[in-house]
Amino acid sequence: MVFSAMLTLAHSGTSNATFIVYENAYTNFTTPQFLLRSGTTQPLRYSSGAVLTTERSTFLVNTTAILPSQEVFRSLSLPLQIILSAAMIFILLVSFLGNFVVCLMVYQKAAMRSAINILLASLAFADMLLAVLNMPFALITIITTQWIFGDIFCRVSAMFFWLFVIEGVAILLIISIDRFLIIVQRQDKLNPYRAKILIVISWAASFVVAFPLSVGNPNLQIPSRAPQCVFGYSTSPGYRAYVIIILLISFFIPFLVMLYSFMGILNTVRHNAVRIHSHPDSICLSQASKLGLMSLQRPFQMNIDMSFKTRAFTTILILFLVFIVCWAPFTTYSLIATFNSHFYYKHNFFEISTWLLWLCYLKSALNPLIYYWRIKKFHDACLDLMPKYFKFLPQLPGHTRRRIRPSAIYVCGEHRSVV
């Protein structure tokens, strides 16, 4: 004895349905087509009540159908919603205001338009757009416990998210390679014009990588099991290949390149520090010529400030460490969710994805604070832009000397020296 039924579900809830019993050998449940998504489908789960059967009769079955996304939304308690919402509001405000000030300073002050500052302004612009075009909608989703912006915008928001993320990573990668060339390879070739060209190329490349998400290729699950569209479980080879490619581009390859660069920089700085401390009263002939000191007729002494030498590199290293701490968990989570159905369909997946997304967004808020803390020009320019009654932030100690040339400070010749 088997029955056939057609279920039509508008929302989660309990419904009473009447079924006709036939004598046959199969059961057929038909699920509405709007619940079926290629590669990301999770069937509805039904809990049936007691069934009274006769040889040929009509009976009442109590069934409960639960939509996966709504089941996950209910796993967030009200206190947790308040905490997550408050954290997102703080991150959003700091990200937008802090990065806006960075962009404004570089735009208004000609003295701030060095190659590195232009690159940092592009990074700040990407973080600011992330705060405007992604964070508010994730915040509303946490408050309303459902995605209310439609399928199309869900895909577009996913494209924006990865566009700004990849652009930010590309800028960090460019700066790291520039530091490596200056300190290790003794090449200082980056100027404002070349920096602008690299920015245009990085934005174009980031858009090419992220654009397929906006047209549904790969097709993300909508509504998502997260505050925004994220990668979920799929058996599609094309879907999995795209996830691997975008994670390689946005995290793994930049991580390895930047790690190699910083290891080389640290080794060179340590080697030069030993050499400078061994000959504190000397300076290389090659560097003396660069500094215009060969015309001096008397012996001279030059005290190289090691803290000045390493401060810019240390700032980039801090940005790199923040990037690793904020993005490594989300990258791991995206990979596991794509290849492991058990993890993706866990009852607390929405909570896990929310915390990890918030950690990613935190990087955008920390970057302008790092600029203010570590870069004196940004610190002073920020104070100049603020009204007098807001100038309560502490002053940075000391006076930074005028920067001559990075390659003239970081390296020294092997043999001859001026005494």
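The values are calculated or read from the model by the stated rules, or taken from the named source; none is laboratory data. What you see is a predicted model; the values in this text were computed from it and never measured. Heads up, the Cβs are rebuilt from the backbone with ideal geometry, glycines too, and the neighbour counts pull from every protein chain shown.
List of remarks:
- Cβ pairs under 7 Å, 6+ apart, first in the range 185-206 and at positive phi, second aliphatic (A, V, I, L, M): 186/411
- Answer residue from the range 340-382, given it is in contact with a Ser or Thr (Cβ under 8 Å, 6 or more places away or on another chain) and aliphatic (A, V, I, L, M) and is surrounded by the fewest Cβ atoms within 10 Å (Cβ to Cβ) among those: 370
- Residue check, residue 243 in a helix (DSSP H, G or I) and either of a type in the set (Ser, Thr, Tyr) or surrounded by fewer than 18 Cβ atoms within 10 Å (Cβ to Cβ) (or both): no
- Test: residue in the range 323-332 that is surrounded by fewer than 20 Cβ atoms within 10 Å (Cβ to Cβ), farther than 25 Å from residue 225 by Cβ and either under 12 Å from the mean Cα position of the chain (by Cα) or not basic (Lys, Arg) (or both): yes
- Each residue in the range 109-132 was checked for being buried (at least 21 other Cβ atoms within 10 Å of the Cβ) and free of Cβ contacts under 8 Å to residues at least 12 places away in the same chain, and 0 pass.
- The condition (being aliphatic (A, V, I, L, M) and surrounded by fewer than 23 Cβ atoms within 10 Å (Cβ to Cβ)) is satisfied by just one residue among 163, 173: 173.
- Annotation: of all residues in the range 333-386 being polar (S, T, N, Q) and under 30 Å from residue 105 (Cβ atoms), the one that is nearest to the chain's Cα centre (by Cα) is 364.
- Criterion (at pLDDT below 95 and in contact with a Lys or Arg (Cβ under 6 Å, 6 or more places away or on another chain)) met by exactly one of 224, 214: 214
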